[in-house]
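Asks: Questions regarding the structure given below will be posed in turn.
The values are calculated or read from the model by the stated rules, or taken from the named source; none is laboratory data. This structure is a prediction, so every number in the text was calculated from the model and none was measured. Every residue, glycine among them, receives a Cβ derived from its backbone with ideal geometry; neighbour counts consider all protein chains shown. For accessibility, only protein heavy atoms count, side chains too; no ligands or nucleic acids. Shrake-Rupley method; radii C 1.70, N 1.55, O 1.52, S 1.80 Å.
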Amino acid sequence: NVYAANKVEGTTTVTAFTASAGSYITTTNSYWTKTLSGQTTGGTGALKSISALSKQAGYTSWDFDTIWGIDEGKSMAYLRGLPIPETLYDAVANYNSLEGTGTADDPYVIKTVEDLKGVMDDPAAYYILANNLDLSSEANWTPIGSSATAFTGNFNGQGYTIKNMKINSTAGNLGLFGYTHGATISNLMLTDYEITGSGNNIGSLAGYAGTGTISNVYAKGKITVTAATSNIGGLIGNKYLGTVTKCLTEGTIEALDYGTYVGGITGYHKGEKSANRANLKNSYSTMLVKGKSNVAGISGYIANINITNVYAANKVEGTTTVTALAASIGSYITTTNSYWTKT
């Protein structure tokens, strides 16, 4: 029940909550903010948005009867009987606070591009998209989530469209979401995107998606790879475990000279052994897919996966190991009622 609401600066090992941590640490219901700290890592503690911390519901199992107080929606939590810093009010007043509390029953409501850019202020929360968004104003979109801090929450597009996303980067993990783990992303249309770059794991929706479920997503646009890169997918570059279902991809992947493990839906798609397979079902692609090696209409590499009711309706081009549905195939594969055409 501790939180940091301060700016932090330094040269080496600088974090928002705790920097150097030894052994036997337990951190419970304790938080930090990216907005106030200016840092992207906490060391320990959980990343939360100021929106969440301006509401009592944002503090799990805190005692607001005898220890803590809060001016709901106007301040962050304060200790009863001690002075209340103006910072706690200023932070809420100066921050474009999202509607909602980020819970399953009361998700954050995304209405603007700025709202969307703030998703990583509370990466474990629930979000809903309330209208269509145009990312034309963003010259180079910064993917949501990284390998250091993954998006682990729930994002429901409610059938709305995000269009004109542009990414130009060599950093890898490129897409609307850069890196997710255990996340649920659903009911979203992603159109007219342009991703140019390199670095492993490139996809329109997500560069890397570990576990979790992706459902009812439509993506149409272009991916152009400019240097040697592995795991390029029309939807997800690298999908590990979890389920992809009811997804459609259109457009072009241009990775003819550089791409390894390239597919119209997933570039690299893998589960664990037979008891815990990944799942790809009720999906198809019409993308033009061009790669260098391990290139296919649906996935460049599959292993430990169930593929059900999937078909490839796209042109596929490449140099080495080029196939219509899946290119490089590992162990524990079940393909049911899934199709491709020679024509």
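Asks: Over the chain, with a Gaussian network built from C-alpha contacts below 10 Å, which listed residue (A91, A303, A148) shows the highest mean-square fluctuation?
Replies: For the chain, modelled as a Gaussian network with Cα springs under 10 Å, the answer is A148.
Asks: Using a 1.4 Å probe, how large is the accessible area of S338, given in Å² and rounded to the nearest 10?
Replies: 20
Asks: Please identify, among L135, L79, L188, the residue showing maximal mean-square fluctuation in a Gaussian network model of the chain using a 10 angstrom Cα cutoff.
Replies: L79
Asks: Using alpha carbons only, what's the Rg to Rh ratio of the range 160-276 with Rh from Kirkwood?
Replies: Expressed as Rg/Rh, it is 0.95.
Asks: Averaged per residue, what accessible surface does the range 49-138 expose to a 1.4 Å probe, in Å²?
Replies: Normalised by residue count, the accessible surface of the range 49-138 is 47 Å².
Asks: Can you give me the long-range amide H partners of T191? Hydrogens built in the peptide plane at 1.01 Å from N, cutoff under 5 Å, separation of 5 or more residues or another chain.
Replies: Hits under the 5 Å cutoff: I162, K163, N164, K220.
Asks: Between N94 and L82, how many nm apart are label points set 7 Å from Cα along the C-beta direction?
Replies: 2.2
Asks: Now for a separate question. Of the DSSP beta bridges with both residues in the chain, give the percent that are antiparallel, rounding to the nearest 5.
Replies: Antiparallel bridges make up about 5 percent of those DSSP assigns within the chain.
Asks: Seen from all sides and averaged, what is the projected area of the convex hull of the Cα atoms in the range 33-79, in nm²? Intermediate results must be reported in sequence, preceding the final value.
Replies: Numbers: hull surface 14.0 nm².
Its Cα hull, projected and averaged over all orientations, spans 3.5 nm².
Asks: Quick one: which residues, 5+ away or cross-chain, put their amide H under 5 Å from the amide H of E317? H built at 1.01 Å from N.
Replies: HN-HN under 5 Å from E317: V289, K290, G291.
Asks: List the residues whose amide H sits under 5 Å from the amide H of N173, counting only those 5 or more places along or on another chain, with H placed 1.01 Å from N in the peptide plane.
Replies: Residues meeting the criterion, in which the H sits 1.01 Å from N, are N200, N201.
Asks: With a 1.4 Å probe and all protein chains in place, put Y240, Y3 in order of accessible area, largest first.
Replies: Y240, Y3
Asks: Kindly report the accessible area of the range 175-318 per residue (heavy atoms of protein chains, probe 1.4 Å, no ligands, DNA or RNA), in Å².
Replies: 30
Asks: Taking 0.36 nm per residue of sequence separation and subtracting the Cα-Cα distance, how much length would be gained by fully extending the chain between T170 and T103, in nm to one decimal?
Replies: Fully extending the segment from T170 to T103 adds 20.7 nm.
Asks: Separate question: Would you mind pulling out the separation of the Cα centroids of the range 224-245 and the range 95-172, in Å?
Replies: Taking the Cα centre of the range 95-172 as reference, the centre of the range 224-245 is 20 Å away.
Asks: Taking just the C-alpha trace of the chain, give me its Rg and Dmax in Å.
Replies: Radius of gyration, then largest Cα-Cα span, for the chain: 21.6, 76 Å.
Asks: If you don't mind, another one. Two decimals, Cα atoms only, Kirkwood Rh: what is Rg/Rh over the range 213-301?
Replies: 0.97
Asks: In addition: Each label point is 7 Å from the Cα along the Cα-to-Cβ direction; what then is the distance between the points at N6 and A313, in nm?
Replies: My value for the distance between the label points is 6.0 nm.
Asks: Another question about this same structure. Roughly how many Å² of Y218 are accessible to a 1.4 Å probe, to the nearest 10?
Replies: Spelled out: Y218, probe radius 1.4 Å, area about 40 Å².
Asks: OK, next. Suppose the chain between D63 and T336 were pulled fully straight at 0.36 nm per residue; how much longer would it get relative to their current alpha carbon spacing? Please list the in-between numbers first.
Replies: Numbers: separation 273, 0.36 × 273 = 98.28 nm, distance 5.32 nm.
Answer, rounded to one decimal: 93.0 nm.
Asks: Another question about this same structure. Roughly how far apart, in whole Å, are the Cα centres of the range 198-214 and the range 248-310?
Replies: Cα centroid of the range 198-214 versus Cα centroid of the range 248-310: 12 Å apart.
Asks: Turning to a different aspect of this structure: Which value does Rg/Rh take for the range 82-207 over its C-alpha atoms, Rh per Kirkwood?
Replies: Reported Rg/Rh, Kirkwood definition of Rh: 1.01.
Asks: Starting at the first residue of the range 2-16, write each ³J(HN,Hα) from the Karplus equation 6.51 cos²θ - 1.76 cosθ + 1.60 with θ = phi - 60°, in whole Hz, x for Gly and Pro.
Replies: Ordered by residue, 3J(HN,Hα) equals 10, 9, 10, 10, 9, 7, 10, 9, x, 10, 10, 6, 10, 9, 7 Hz.
Asks: A follow-up question, please. For the range 174-304, which whole percent of the accessible surface, found with a 1.4 angstrom probe, sits on carbon and sulfur atoms? Display every interim value, and only then the final one.
Replies: Numbers: 1590 of 3690 Å².
Carbon-and-sulfur percentage of accessible area, whole number: 43.
Asks: Sort Y31, Y311 by heavy-atom solvent-accessible area, probe 1.4 angstrom, most to least.
Replies: Heavy-atom accessible area, descending, gives Y311, Y31.
Asks: Can you tell me what the convex hull of the Cα atoms of the range 1-99 projects to on average, as an area in nm²?
Replies: Details: hull surface 27.6 nm².
The directionally averaged projection comes out at 6.9 nm².
Asks: State, to one decimal in nm, how far the label point of T320 lies from the label point of D257, with both points 7 Å from Cα in the Cβ direction.
Replies: 1.8
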